[in-house]
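One structure below.
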Amino acid sequence: MKKPKILVTLDTGETQRRGVPFPIVHAKAAYAAAVERAGGLPLLVAPTEDRAVADAMFALADGLVITGGDFDIPPEQFGAAPAAGVRVDPPKPLRTRFEWQLTEAALARGTPILGICGGMQLLNVVLGGTLHLHIPDAIAGALEHEQPTSPAGPAHVVHVVPGSVLRGVCGRDTIDVNTTHHQAVAALGRGLVAEGHAPDGVIEAIADPSRAFTVGVQWHPELLADDASEALYRAFVGATRLAAHQTVG
């Protein structure tokens, strides 16, 4: 059986070579490794302004992983106007436009989606949802969601909603997760439901139960060596395999 082809979005950045700055694209190797372990073929795709190129990339896809990154979605994308002094990290407009296009295409075609951290937030915004701009300003008594320790280990627990897609996938009522975000889902997008919460009430997982597999998690399961994290990627890749078979059929 052919391995399902999974688009994994790349981040943008800059590096120095002999004192000269060069733009780069990059991603943690763990994303591709998690897809591979789950039986998928990761295809790492770089942001582009050319919509036809992005469409050609998507035409190859059986599934889409929207990765995280150290940037914020522009607040105007979800109707927010930051007050003075509220933290908003620099955006990456090219990357956001590219991932937005891929996400809309996946939703239209019924292609399975797994949004990771910022990818979960983008999924919510594409579907008309909003974000808390900065958790400490928005949620009184919130936990520290930017852990000072290595994200290869957990920092807090997530309480999984009974009967949810996530509960069925992971088989757990609670999951120990890492945490590297300062924003969070506020109002849910169209069709989305909250599937897991941190102890402070922050939404940590979302899904559209009416779709084959449209799931976002606020943590980075590819960095955690536990059965729940592996189960999430296996369920996602399994859904892409089924969707690809149904498309061919």
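The values are calculated or read from the model by the stated rules, or taken from the named source; none is laboratory data. Bear in mind the structure is a predicted one, so any value in this text is a computation, not a measurement. Glycine gets a Cβ as well: all are built from the backbone with ideal geometry, and neighbour counts include every protein chain shown.
Here are some notes:
- All positions within region 131-156 that are crowded, with 18+ Cβ neighbours inside 10 Å and in a strand (DSSP E or B): Leu131, His132, His156
- Test set (1) in contact (Cβ under 8 Å) with a residue 60 or more places away in the chain; (2) in a helix (DSSP H, G or I) - Gly128 fails condition number: (2)
- Taking strands (runs of 3 or more DSSP E) as the structural unit, those lying wholly within region 1-96 and holding at least 1 residues that are touching a strand residue (DSSP E or B) at 6+ places or on another chain (Cβ under 6 Å) and crowded, with 19+ Cβ neighbours inside 10 Å correspond to 5-9, 11-17, 41-45, 63-66.
- Scanning region 97-106 for residues that are touching a helix residue (DSSP H, G or I) at 6+ places or on another chain (Cβ under 7 Å) and either not in a helix (DSSP H, G or I) or not small (Gly, Ala, Ser) (or both) gives Phe98, Glu99, Trp100, Gln101, Leu102, Thr103, Glu104.
- Pick from region 187-200, criterion assigned to a strand (DSSP E or B) and small (Gly, Ala, Ser), ranking: surrounded by the most Cβ atoms within 10 Å (Cβ to Cβ): Gly196
- Residues of region 156-174 satisfying the condition of being of a type in the set (A, V, I, L, M) and either within 17 Å of the chain's Cα centre (by Cα) or farther than 22 Å from Phe213 by Cβ (or both): Val157, Val158, Val165, Leu166, Val169
- Failed criterion for Pro90 (all others in (1) more than 16 Å from the chain's Cα centre (by Cα); (2) within 21 Å of Ile206 (Cβ to Cβ); (3) not aromatic (Phe, Trp, Tyr) hold): (2)
- Pairs where the first residue, in region 161-186, is assigned to a loop (DSSP other than H, G, I, E, B) and at pLDDT 95 or above and the second is surrounded by 21 or more Cβ atoms within 10 Å (Cβ to Cβ) and acidic (Asp, Glu), C-beta under 6 Å, 6+ apart: Val161/Glu195; Ser164/Glu195
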